[in-house]
Amino acid sequence: MSAQIRQVSSLFKIGRWAVLGAGLSYGWVHARTLRKEAEVKRIDNEYARKVALIEEAKRKYAEKKAAESGSGSGQSFNFEDPSFDFEKWAKHVESKF
């Protein structure tokens, strides 16, 4: 027994090639879009890293200047003084950390 070979219409053959071409085109466009998004994300991450480095450098510079000028901002607090400002002292302590 030999298997019968069916004839496939030309329209079906052309349709398969058209769908294959459309799939390849979609894949190419989608990959290009993903590459662009990855590049933008990489650039944003690099910018954020640079900003963080600048902020860290500013903080260390401020700490260095504070250490050079003596004890912090050079303020001394008298806890026995009736006009003692607790909020000012708390901000001073907070700025040391």
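Which of the following residues is surrounded by fewer than 10 Cβ atoms within 10 Å (Cβ to Cβ) and in a helix (DSSP H, G or I): 58, 13, 65, 41?
Going through 58, 13, 65, 41 in turn, the sole match is 65.
Determine which member of the set 27, 23 is over 29 Å from the mean Cα position of the chain (by Cα) and surrounded by 10 or more Cβ atoms within 10 Å (Cβ to Cβ).
23
Could you go through segment 83-91 and let me know if any residue there is touching a Gly at 6+ places or on another chain (Cβ under 9 Å), at pLDDT below 85, surrounded by 10 or more Cβ atoms within 10 Å (Cβ to Cβ) and part of a helix (DSSP H, G or I).
No - not one qualifying residue is present in segment 83-91.
The values are calculated or read from the model by the stated rules, or taken from the named source; none is laboratory data. Here the structure is a predicted model, which is why all the values come from computation and not from measurement. Every residue, glycine as well, gets a Cβ built from its backbone with ideal geometry; the counts of neighbours run over all protein chains shown.
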